[in-house]
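A short worksheet on the structure shown next.
The values are calculated or read from the model by the stated rules, or taken from the named source; none is laboratory data. Nothing here was measured: the structure is a model prediction, and the numbers come from that model. Positions of Cβ are backbone-derived with ideal geometry, glycine not excepted, and every protein chain shown enters the neighbour counts.
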Amino acid sequence: MNKLYLIRGLPGSGKSTYARKLAQEIGARHLEADMYFCRDGQEYKFDPLLLGKAHNWCFTETEKSLASGISVIVSNTFVQRWEINPYTFLAHGLNVPCAIYVATGNYNNIHGVPEQSLNKMRQKWQPVEGELFIENW
């Protein structure tokens, strides 16, 4: 049976690295909004004006994969509960188990998110019921 794994955390917490490793181990599809900015083998070029499209793309790809019987691992910041809710509702609607993990590592912030932005994310962070914490893997 397929499953949805949601990995949340601040930039530099290790969520993408963990998601790639887990996807390889269990044969799942790994998705994140950042992938929208480096599709077709291109270099990562973030455009804040396209962030909404990036998240819509990630959600739509998740929905297509789950509906096709493929397990999916989504790694996004998911700072506030409302950001993760569409995914949990999707899993519930498709009768797919859903697990939520929080990456708490302290690694390099590869996308260069400014410290001021990280601090704003920390202040807005909301816990999600039932989430599991991952530090090292």
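Just a few scattered comments:
- Residue within the range 91-100 that is surrounded by fewer than 16 Cβ atoms within 10 Å (Cβ to Cβ), modelled with pLDDT of 90 or more and touching a Gly at 6+ places or on another chain (Cβ under 9 Å) present: yes
- Taken over the range 105-131, residues that are under 14 Å from P11 (Cα atoms) and touching a strand residue (DSSP E or B) at 6+ places or on another chain (Cβ under 7 Å) amount to 0.
- Total residues in the range 67-79 satisfying the condition of being buried (at least 23 other Cβ atoms within 10 Å of the Cβ) and within 14 Å of A23 (Cβ to Cβ): the figure is 4.
- Where a residue in the range 2-28 is free of Cβ contacts under 8 Å to residues at least 24 places away in the same chain and its partner, wherever it lies, is surrounded by fewer than 22 Cβ atoms within 10 Å (Cβ to Cβ) and in a helix (DSSP H, G or I), with Cβ under 6 Å and at least six apart: none
- Filter result (in contact with a Cys (Cβ under 7 Å, 6 or more places away or on another chain) and among the polar types (S, T, N, Q)) within the range 77-102: T88
- Among residues of the range 51-62 that are closer than 11 Å to M35 by Cβ, those with a Cβ under 8 angstrom from a residue that is in a helix (DSSP H, G or I) and of a type outside the set (A, V, I, L, M), sequence gap 6+ or separate chain, pair up as A54/D34; A54/Y36; A54/F37; W57/Y36; C58/Y36.
- Meets criteria (out of contact with any Leu (no Cβ under 8 Å at 6 or more places or on another chain), closer than 25 Å to N106 by Cβ, of a type outside the set (V, I, T) and surrounded by 14 or more Cβ atoms within 10 Å (Cβ to Cβ)) for A19: yes
- Flag if K45 is modelled with pLDDT under 90 and in contact with a Phe, Trp or Tyr (Cβ under 9 Å, 6 or more places away or on another chain): yes
- Contacts under 8 angstrom Cβ, first residue in the range 107-136 being of a type in the set (D, E, K, R) and surrounded by 10 or more Cβ atoms within 10 Å (Cβ to Cβ), partner assigned to a strand (DSSP E or B) and modelled with pLDDT of 90 or more, 6 or more apart: E131/R8; E131/I100; E131/Y101; E131/V102
- Selection of the range 89-104 for residues being in contact with a helix residue (DSSP H, G or I) (Cβ under 6 Å, 6 or more places away or on another chain) and within 17 Å of G14 (Cα to Cα) yields only A103.
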